[in-house]
Amino acid sequence: MSVTKIGIAMNGVTGRMGHRQHLLRSIMAIREQGGLDLGGGDSIWPEPILVGRNESKLRALAAETGLSRWTTSLTEALAEPDVRVYFDALVTNEREKTVREAIAAGKHVYCEKPTATDTATALELARLARDAGVKSGVVQDKLFLPGLRKLKRLVDGGFFGRILSVRGEFGYWVFEGDWQVANRPSWNYRAEDGGGITLDMFAHWQYVLAGIIAPVRTVQATVATHIPERNDERGRPYQCTADDAAYGVFELDGGAIAQINSSWAVRVYRDELVEFQVDGTEGSAIAGLRNCRVQHRATTPKPVWNPDVPATEDFRAQWQTVPDNDEFDNGFKVQWEAFLRHVVRDEPWPYDLLAGARGVQLAELGLRSARDGVRLEVPELTL
């Protein structure tokens, strides 16, 4: 029976995602449950060090969580003898520098996506980690969400037969910051700060499609900046230099076609903020963050097109709900636990910096496709 304590330098935890999902709902949740149980009486106990630029925010966050260690110096945090893992949830433009420093210090790296703003840099970080002999991980949280785990279960069980297509809808209205406070940080709309919905969301769609359906072989995209001016956190107007909507068509290995719309300028009329419809020869499914519904070939109705009379069928009622059949914990926490097991026990782990580079590659190709008006092949990335 043993407890393995792991120091984790957590950078960017005063931001929205770093604070809520990674610190509170993942690392603190693991501590609250008594650590990560490895079986046989063994466990992992995470010891976070809060890292950031704002001393007052760090001090307040430490008081909120009851943690004693925090610093505004990443170098000092990485020098702590118990720190084995560096976590990064900073804005995209800052990630390369900090990840390089952590790798040079011999620390395992776990970071948010995208890992960089261009494929060459993302690949270089992956090579640096490999050459330094450190483990790496990139957040691919949607694979661990209940709705998509149910969808993966259907795919693995052969429910769909031959998969024909995937239709995805993601997004919501982000307020401009004039008469209501914006519900996303302003850097998301500045290309010079690493913003843009293509860079953000195509990295997600790459691992969702590859991890559940099939790898992406070609991409064709149209992007737009629908809202050209917004107000920042201080109420000052600024010009948006990054795209706030991206419309992508992806050809998948095996021939299925995926169409995914991503927008921060759309109002929601669906059950969840993201939904994927998968259609196959034997059945279809609609999966969101938590729920999944199916319609099998044997129960598929035969609608008749007649625009001259009101619709009489309740199409939504013709689908069945996929049962949970499992306990679904927070997706970010589940992936954190898997990464910590990878660090301590070298358990299998596919979500490394090379996997993260594939997401950056798809985003970069999507932006190039939109700029040049062409469909582009997605080459295989290797180190």
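The values are calculated or read from the model by the stated rules, or taken from the named source; none is laboratory data. These numbers come from a predicted model, not from an experiment. Positions of Cβ are backbone-derived with ideal geometry, glycine not excepted, and every protein chain shown enters the neighbour counts.
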Between residues in the stretch 8-24 that are in the same structural domain as TRP45 (by TED's automatic domain parsing) and under 9 Å from LEU50 (Cα atoms) and residues that are among the basic types (Lys, Arg) and surrounded by fewer than 21 Cβ atoms within 10 Å (Cβ to Cβ), which pairs lie under 7 Å by C-beta distance while being six or more apart or on different chains? THR14/LYS57
Output yes when any residue across the stretch 77-100 is over 25 Å from GLY194 (Cα atoms) and of a type in the set (Phe, Trp, Tyr), and no when none is. no
Restricting the first residue to the stretch 116-132 and requiring it to be without any contact (Cβ under 8 Å) to a residue 12 or more places away in the chain, which pairs with a second residue that is buried (at least 21 other Cβ atoms within 10 Å of the Cβ) and among the acidic types (Asp, Glu) meet a Cβ separation below 7 Å and a spacing of at least six or different chains? none
Unique residue being within 21 Å of the chain's Cα centre (by Cα), surrounded by fewer than 18 Cβ atoms within 10 Å (Cβ to Cβ) and either in a helix (DSSP H, G or I) or in the same structural domain as GLY366 (by TED's automatic domain parsing) (or both) when the list is ARG167, ARG127, ARG149: ARG167
Looking at (1) outside any strand (DSSP E or B); (2) in contact (Cβ under 8 Å) with a residue 40 or more places away in the chain, can you tell me which one GLY34 breaks? (2)
Looking at (1) under 21 Å from GLU364 (Cβ atoms); (2) crowded, with 21+ Cβ neighbours inside 10 Å, which one does ALA191 not meet, given that it meets all the others? (2)
Filter result (in contact with a strand residue (DSSP E or B) (Cβ under 6 Å, 6 or more places away or on another chain) and in a helix (DSSP H, G or I)) within the stretch 292-308: ARG297
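Which is at pLDDT 95 or above, under 14 Å from the mean Cα position of the chain (by Cα) and either part of a loop (DSSP other than H, G, I, E, B) or buried (at least 22 other Cβ atoms within 10 Å of the Cβ) (or both), of GLY161, GLY106, GLY137?
On the way: GLY161 fails: under 14 Å from the mean Cα position of the chain (by Cα); GLY106 fails: under 14 Å from the mean Cα position of the chain (by Cα).
That would be GLY137, the only listed residue that is at pLDDT 95 or above, under 14 Å from the mean Cα position of the chain (by Cα) and either part of a loop (DSSP other than H, G, I, E, B) or buried (at least 22 other Cβ atoms within 10 Å of the Cβ) (or both).
One line per residue, one yes/no per condition, for (1) loosely packed, with under 15 Cβ neighbours inside 10 Å; (2) part of a strand (DSSP E or B); (3) on the phi > 0 side of the Ramachandran plot; (4) among the basic types (Lys, Arg):
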| site | (1), (2), (3), (4) |
| --- | --- |
| PHE202 | no, no, no, no |
| GLN206 | no, no, no, no |
| LEU209 | no, no, no, no |
| GLY235 | yes, no, yes, no |
| PHE250 | no, yes, no, no |
| ASP279 | no, yes, no, no |
| ILE286 | no, yes, no, no |
| PRO310 | yes, no, no, no |
Condition first: touching a residue at least 60 places away in the same chain (Cβ under 8 Å) and not in a helix (DSSP H, G or I). Can you find one or more residues in the stretch 335-345 that meet it? no
I'm trying to understand the selection: among the residues of the stretch 346-383, which are under 18 Å from ALA120 (Cβ atoms), of a type in the set (Asp, Glu) and part of a helix (DSSP H, G or I)? GLU364
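Within the bounds of the stretch 355-364, is there any residue that is at pLDDT 95 or above, hydrophobic (A, V, I, L, M, F, W, C) and surrounded by fewer than 22 Cβ atoms within 10 Å (Cβ to Cβ)? So that I can check it myself, show each step before the final result.
Here is the first cut: in the stretch 355-364, the ones at pLDDT 95 or above are 355-364.
Those still in the list that are hydrophobic (A, V, I, L, M, F, W, C) too: 355, 357, 360, 362-363.
Now narrow it down to the ones that are surrounded by fewer than 22 Cβ atoms within 10 Å (Cβ to Cβ): none.
No, the stretch 355-364 contains no residue that is at pLDDT 95 or above, hydrophobic (A, V, I, L, M, F, W, C) and surrounded by fewer than 22 Cβ atoms within 10 Å (Cβ to Cβ).
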In the set ARG217, ARG267, which member is under 22 Å from the mean Cα position of the chain (by Cα) and outside any strand (DSSP E or B)? ARG267
When you scan the stretch 258-276, do you find a residue that is in contact (Cβ under 8 Å) with a residue 60 or more places away in the chain and exposed (fewer than 11 other Cβ atoms within 10 Å of the Cβ), even just one? yes
Exposed (fewer than 14 other Cβ atoms within 10 Å of the Cβ), in the same structural domain as SER136 (by TED's automatic domain parsing) and of a type outside the set (Gly, Ala, Ser): does that describe ASP42? no
